[in-house]
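Quick one: the structure is below, questions incoming.
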Amino acid sequence: MSPETLVYPFLFLAIFFESFLLVTFLSKPARDRRLASTRQAAATPRVAIVVPCWNEETTVAGTVESLLALDYPADKLSLVLVDDGSTDRTSAVIDRFAEHPHITALHKENGGKYTAMNLGIAHAKDAEIIGFLDADSFVASDALREITTAFAEPETMAVTASMSIHQPRTILQRMQYAEYAFAITLRHVFASINGLYVTPGPFSFYRRTVFDRLGPFKHAYLAEDMEMAMRMQRAGFNIGNALRARVYTKGPPTLPKLITQRVRWTTGFLRNIAFDYRDLIGGKGNAVLGLFVLPLGLIAIGGGIAIFALTVTEVVQRALHALSVVQAAPLSYAFTPHPFSWFYLPVTAVTLIGITLILSTLIWMTLGKRLSRTPGRLVPNMLVYLLLYSFVAPLWLIQSVSHVARGVHTAWR
Amino acid sequence: MSLFARNALIALAITVVLTGTVIYAVNYLNNARVAELSTIEDQISIDTLSLDTQFSLLESAPCDSAASSTVLTGELSDLGNRLSYAEDQLGSDNPQVIRLKQQYSLLEIRDYLITKQLAAACGTKPVTVLYFYSNAGDCADCDRAGYALSYLHNTYPNLRVYSFDYNLSIGALQTFIALTKVKDTLPAFVINGRQSYGFTSLPDLEKQFPKGALATTSPKL
């Protein structure tokens, strides 16, 4: 069996995933959500937004200022800033905002992000809806209106936003910009069939009853947002998405920082699934999650590593062989141009399916950006994504699987 | 039926159709490649027969067919490259590839014999290389040897290189191997009737050529 044959099952599943995405994107629930207008929801429930901070002295002020600029009745909105024992000037920065009538600034010993979030929940007693915003992120002024609109359906217990990378500068941030645009579409589509398993830190909101019934956030292997979403799914709650609720974050600018972040996310996913939420997989509960999203998520991790390993092995073998062959004649001969002939086009099932998958991913990215009205230039960032992602992503996948298999503690930063 | 189940079934149908379309497209292209190879072989076959006939008709002035013979050798070389690529794509055990290779080997032998006849009749001294290879995984240096010969042929277009798969099952080729007394130590070369085995480097291979043989052919500038 050739190595190429091993790739076929993964390619088949990848096409199946993309096809499912397309069909669900065109289905009525997703269409209705795309067409929903903020004017439909006149209701302005009491909202509290908790901002957990740990050593965010350079970014937290921008985060709070963006929240103060939200288009929402001031008497219905309160902000709870929680300093989780920062060792920099974060504490002083958030104290500057403490005089604002709708802002509460809290300080505590360092205990982890989830403890800061829970303290915030405890201080948001009169809020019907409680949201969270990471202290390195900021929001568009109409984002909260979009979020409360998505809560119009009584069965929606949590709502996620559309995240994007703010003004990407480094090449890795550019790659993430395109990746986040794809994720916007994914979140929109899977929310329409209640298939979300994470309510990300940047601007996710919950009805108060979620915490009353399910309890506060947990450590959850440093993936408290994922664990809470899985807990909600286990309880049969619906998690929605506000497509045009834009939240901007700063992606890790360097490779080591990016890998650290993604290893935390991936190990959080693997550990939560393997140890605490194994029952979500299978057809007993939410079929979308149990039979599709979570199994494919696991297969994507295994497949990503396997395809990367096969590709590297194949490329190295072929390169060494080609190098050995080319050395049999003067180097200039290798660069002799040959007339074009369709006969030599390298058209195989793998290349055709690969091109189809790449094109569909680019289309999803474009739709994600357009539908969420995310600013920025997508095309150059898509090219960076195409060039880099398949080389970079396996690095954190391999490290994550290795960490989980060896029981290695995962760091936050 | 739930929306999820309905969408999953539709997605599965799309996946099957798309995969089927891709497989069909790849097969279609491969068949087109085989058809093109077959057409080229047919054309060369006609040209070879024509040259053969021309040779017989012009017994008094056989050297008039020499130019045609040179053109044919070039076409054979291009066909060999295409056949080698098709073999990579379709696999060396593909029945169509095997049939095309058999036909190609016969054309090569025929061209080699005509070249020899013309040389004898016209007093020319063409440099011919019979190259025997194997792609059964038992010839580590065959790819390098083939590449070096391609380079030599490209540099000296008048050099006549005939490549044969040593393991190809066809009577004429096996007879040809028996007549040339080439052993199964591959890669094997018969350069103007002189045998040599193995490939180390281009300079070593060039040493196997008769003195001045490469220099007297027309190098491509």
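Distance cut-off 30 Å, Cα to Cα: go down the list A:Lys284/A:Lys369; A:Lys28/A:Lys76; A:Lys108/A:Lys257; A:Lys218/A:Lys250; A:Lys218/A:Lys369 and report the pairs above it.
A:Lys284/A:Lys369; A:Lys28/A:Lys76; A:Lys218/A:Lys369
Once every DSSP H run of n ≥ 4 in the protein assembly as shown is given -39500 (n - 2.57) and the sum is divided by its residues, what mean residue ellipticity at 222 nm do you get, rounded to the nearest 500 deg cm²/dmol?
-18500 deg cm²/dmol
Determine how large the accessible area of A:Leu387 is when every protein chain is in place; take a 1.4 Å probe and give Å² rounded to the nearest 10.
Result for A:Leu387: roughly 120 Å² accessible.
Pick from A:Ala229, A:Ala92, A:Ala158 the residue whose mean-square fluctuation is largest in a GNM of chain A, springs joining Cα atoms under 10 Å.
A:Ala92
R0 = 41 Å: FRET efficiency of A:Ala411 with A:Leu323, Cβ-based, nearest 0.05? Write down the numbers at each step before the final one.
Numbers: r = 40 Å, r/R0 = 0.97.
My answer for the efficiency is 0.55.
If one takes the longest principal axis of the Cα atoms in chain B, at what angle in degrees, from 0 to 90 and to the nearest 10, does the Cα axis of helix B:3-57 lie?
20 degrees
Nearest 100 Å², what total accessible surface is buried between chain B and chain A (probe 1.4 Å)?
Its buried surface, counting both partners, is about 3200 Å².
Taking the Cα centre of the stretch A:173-303 as origin and charging only Cβ (+1 Lys, Arg; -1 Asp, Glu), how large is the dipole, in debye to the nearest 20?
My answer is approximately 240 debye.
Also, quick follow-up: Count charges around A:Ser390 for me, please; just the other residues with Cβ under 15 Å from its Cβ, Lys/Arg as +1, Asp/Glu as -1.
-1
On to the next question. Which of the DSSP-defined H helices in chain A satisfy a minimum axial length of 27 Å, computed from C-alpha atoms, and a minimum mean Kyte-Doolittle hydropathy of -1.0?
A:3-26, A:171-191, A:294-326, A:349-372, A:379-406
Then there's this: Count the net charge of all other residues whose Cβ sits under 15 Å from the Cβ of A:Pro200, scoring Lys and Arg as +1 and Asp and Glu as -1.
0
I've got another one for you. Please calculate how many Å² of accessible area chain A carries per residue, with a 1.4 Å probe and no DNA, RNA or ligand atoms counted.
45 Å²
Express in whole angstrom the spacing between the alpha-carbon centres of the stretch A:245-263 and the stretch B:105-119.
So the two Cα centres are separated by 68 Å.
Mind listing, in residue-number order, the residues in the stretch B:20-51 that have at least 30 Å² less accessible area with every protein chain present than in their own chain alone (1.4 Å probe)?
So the qualifying set is B:Val22, B:Val26, B:Leu29, B:Arg33, B:Glu36.
Collect residues whose amide H, placed 1.01 Å from N in the peptide plane, falls under 5 Å from the amide H of A:Ser204; neighbours closer than 5 in sequence don't count.
It is A:Phe132, by chain and number.
Which residue, A:Pro346, A:Pro252, A:Pro73, tops the fluctuation ranking in a GNM of chain A built on C-alpha contacts under 10 Å?
A:Pro346
Using a basic spin-label model with each label point 7 Å from the Cα along Cα→Cβ, how many nm lie between A:Leu345 and A:Thr44?
Reported label-point gap for A:Leu345 and A:Thr44 is 6.0 nm.
Follow-up question, since we're still on this one. If you average the alpha carbon positions of the stretch B:72-97 and of the stretch A:46-83, how far apart do those two centres end up, in angstrom?
69 Å
Given H placed on each backbone N at 1.01 Å, which residues far from A:Val198 in sequence or on other chains put an amide H within less than 5 Å of it?
none
Among A:His123, A:Ile259, A:Thr24, flag the residue with its Cα farthest along the positive direction of the charge dipole of chain A, charges on Cβ as +1 for Lys/Arg and -1 for Asp/Glu.
Working it through, the farthest residue towards the positive pole turns out to be A:Thr24.
Using all Cα-Cα distances in the stretch A:272-360, what percent lands in each 10 angstrom bin from 0 up to the longest?
Whole-percent P(r) values from 0 Å outward: 13, 23, 26, 18, 10, 9, 1.
Also, I was wondering about something else. Highest GNM mean-square fluctuation, chain B, Cα pairs closer than 10 Å: which of B:Tyr156, B:Tyr131, B:Tyr112?
Of B:Tyr156, B:Tyr131, B:Tyr112, the Gaussian network model singles out B:Tyr156 as fluctuating most.
Moving to a separate point now. Taking 0.36 nm per residue of separation and subtracting the Cα-Cα distance, what length does fully extending A:Phe275 through A:Thr209 add? Write down the numbers at each step before the final one.
Numbers: separation 66, 0.36 × 66 = 23.76 nm, distance 2.60 nm.
Difference between extended and current length: 21.2 nm.
Moving to a separate point now. Obtain the nm distance between the two label points defined at A:Glu153 and B:Asp138 by a simple spin-label model: each point lies 7 Å from its Cα along the Cα-to-C-beta direction.
Between A:Glu153 and B:Asp138, the label points sit 6.8 nm apart.
Of A:Leu214, B:Leu113, A:Asn381, whose Cα points farthest to the positive end of the dipole of the protein assembly as shown (charges on the beta-carbon: +1 Lys, Arg; -1 Asp, Glu; origin at the Cα centre)?
A:Leu214
A further question on this structure: Running Debye on the stretch B:1-124 with equal point scatterers at the Cα sites and no solvent, what base-10 log of I(q)/I(0) appears at q = 0.14, 0.16, 0.17 Å⁻¹?
-0.70, -0.81, -0.87
Which shape class applies to chain A: rounded if a/c is under 1.5, otherwise prolate when a/b exceeds b/c and oblate if not, where a ≥ b ≥ c are the square roots of the Cα gyration tensor eigenvalues?
On the way: a/c = 1.91, a/b = 1.75, b/c = 1.09.
Taking the square roots of the gyration eigenvalues as a ≥ b ≥ c, chain A is prolate.
When the Cα centres of the stretch A:195-211 and the stretch A:324-363 are compared, how far apart do they sit, in Å?
Comparing the Cα centres of the stretch A:195-211 and the stretch A:324-363, I get a distance of 47 Å.
Something else about it: Under 27 Å from the Cα of B:Lys183, which lysines turn up, not counting those fewer than eight places away in the same chain?
B:Lys101, B:Lys116, B:Lys125, B:Lys207, B:Lys211
Hey, another quick one. Using a 1.4 Å probe, how large is the accessible area of A:Trp265, given in Å² and rounded to the nearest 10?
Counting only protein heavy atoms, A:Trp265 exposes about 100 Å² to solvent.
Separate question: Apply 1/(1 + (r/R0)^6) to the Cβ-Cβ distance of B:Leu113 and B:Val17, taking R0 = 35 Å, and write down the FRET efficiency to the nearest 0.05.
E between B:Leu113 and B:Val17, to the nearest 0.05, is 0.10.
Using a cut-off of 10 Å between beta-carbons, work out the net charge of the residues near A:Gly268 (Lys and Arg +1, Asp and Glu -1, A:Gly268 not included).
-1
Treating only the Cβ of Lys, Arg, Asp and Glu as charged (+1, +1, -1, -1), what charge dipole size does the stretch B:69-159 show about its Cα centre? Round to the nearest 20 debye.
For the stretch B:69-159, the charge dipole is close to 380 debye.
Calculate the mean, over all residues of peptide B:5-14, of how many other protein chain Cβ atoms lie within 10 angstrom of the residue's Cβ.
On the way: counts 3, 3, 12, 9, 2, 7, 11, 5, 2, 7.
That average works out to 6.
Can I ask one more? What residue among A:Thr160, B:Thr155, B:Leu202 has its Cα farthest toward the positive end of the dipole of the protein assembly as shown, where the charges are +1 on Lys, Arg and -1 on Asp, Glu, each on the Cβ?
A:Thr160
Please return the longest range in chain A lying between exposed loop sites, taking GluC sites (Glu not before Pro), DSSP loop only, at most 11 other beta-carbon atoms within 10 Å, and leaving the sites out.
A:156-413
May I pose another question? Between B:Lys207 and A:Lys257, how many nm apart are label points set 7 Å from Cα along the C-beta direction?
For the pair B:Lys207/A:Lys257, the computed spacing is 6.1 nm.
For chain A, what % of the accessible area comes from carbon and sulfur atoms, probe 1.4 Å?
63 percent
Which value, in debye to the nearest 20, gives the size of the charge dipole of the stretch B:127-221 about its Cα centre, when Lys and Arg are +1 and Asp and Glu are -1 at the Cβ?
The calculation lands at about 400 debye.
Among bridges DSSP assigns within the protein assembly as shown, what percent are antiparallel (round to 5)? Spell out each step's value before the answer.
On the way: 17 of 48 bridges.
Beta bridges within the protein assembly as shown, antiparallel portion: roughly 35 percent.
What is the angle, in °, between the Cα long axis of helix B:171-180 and the longest principal axis of the Cα atoms in chain B? Nearest 10 is fine, range 0 to 90.
40 degrees
Considering only chain B, what is the antiparallel percent among its DSSP beta bridges, to the nearest 5?
Here the antiparallel bridges make up roughly 55 percent for chain B.
Something else now. How much of the accessible area of chain B, probe 1.4 Å, is carbon plus sulfur, in whole percent?
Its accessible area is 57 percent carbon and sulfur atoms.
The values are calculated or read from the model by the stated rules, or taken from the named source; none is laboratory data. This is a predicted model, so every value here is computed, not measured. Glycine gets a Cβ as well: all are built from the backbone with ideal geometry, and neighbour counts include every protein chain shown. SASA here: full protein model, heavy atoms, side chains in, ligands and nucleic acids out. Shrake-Rupley method; radii C 1.70, N 1.55, O 1.52, S 1.80 Å.
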